[in-house]
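Single-structure report; data block below.
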Amino acid sequence: MTGSNFQLKVWEALLRIPYGNVVSYRDIATHLGDSHASRAVGNALARNPVAVLIPCHRVIHSLGAFGNYHYGEARKAALLGWEMAKAAYPGS
């Protein structure tokens with residue numbers, strides 16, 4: 001993976017988000033030590049070269065809005081819904 005040090009840290013943080021869960025841009029920025037870096041987190045997500053493998057779809061706005069997603073809001077909602085359903089009913 002090629003990216004800036006900050007981008008790599010953001011992408012690593014995405015890999016730690018549990019399956020079927022969401023976090024906010026601010027949550028990731030705070031985790032990385034700068035709660036004011038939400039926009040920079042969003043820019044790193046936009047440059048994610050492997051969107052489903054590094055799950056940027058698990059990041060939403062603090063107020064619950066989905067935010068931007070390269071493949072569209074409907075696909076982001078579908079991915080989150082599928083993950084949440086699988087997490088709630090692991091045997092299905």
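The values are calculated or read from the model by the stated rules, or taken from the named source; none is laboratory data. Quantities reported herein were computed from a predicted structural model and do not represent experimental measurements. Virtual Cβ from ideal backbone geometry, glycine too; neighbours counted across all protein chains shown. When the accessible area is computed, the model is the full protein with side chains, heavy atoms only, and any ligands, DNA or RNA have been set aside. Shrake-Rupley method; radii C 1.70, N 1.55, O 1.52, S 1.80 Å.
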Next on the checklist: Run lengths n ≥ 4 of DSSP H only: what is the helix-derived mean residue ellipticity at 222 nm for the chain, with -39500 (n - 2.57) per run over all residues, to the nearest 500?
Outcome noted: -14000 deg cm²/dmol
Checklist outcome for this item: Going residue by residue through region 66-78, the Karplus relation 6.51 cos²θ - 1.76 cosθ + 1.60 with θ = phi - 60° gives ³J(HN,Hα) values, rounded to whole Hz and with x marking Gly or Pro, of 5, x, 6, 8, 3, 9, x, 5, 5, 5, 4, 4, 5
Checklist entry - Quick one: Debye curve from the C-alpha atoms of the chain, no solvent, what's log10 I(q)/I(0) at q = 0.15, 0.19, 0.23 Å⁻¹? => result -0.53, -0.84, -1.19
Next on the checklist: Multiplying the sequence separation of ARG16 and ASP34 by 0.36 nm and subtracting their Cα-Cα distance, what value in nm do you get?
Outcome noted: 4.7 nm
Item to check | Estimated vicinal HN-Hα couplings, Hz - region 10-23 in sequence order (Karplus 6.51, -1.76, 1.60; Gly, Pro = x) | outcome: 5, 5, 5, 4, 4, 5, 8, 6, x, 3, x, 10, 10, 9
Next on the checklist: Can you give me the long-range amide H partners of GLY67? Hydrogens built in the peptide plane at 1.01 Å from N, cutoff under 5 Å, separation of 5 or more residues or another chain.
Outcome noted: HIS61
Next on the checklist: Tell me the net charge near ALA77. Cut-off is 14 Å between Cβ atoms, ALA77 excluded, with +1 for each Lys or Arg and -1 for each Asp or Glu.
Outcome noted: +1
Checklist entry - When the accessible area of region 5-92 is split by element with a 1.4 Å probe, what percent falls to carbon and sulfur? => result 56
Checklist entry - So, by mean Cβ neighbours within 10 angstrom, what's the order for 46-57, 12-23, 62-73 with the highest one leading? => result 46-57, 12-23, 62-73
Checklist entry - How large is the accessible surface per residue of the chain, computed with a 1.4 Å probe and reported in Å² as a whole number? => result 63
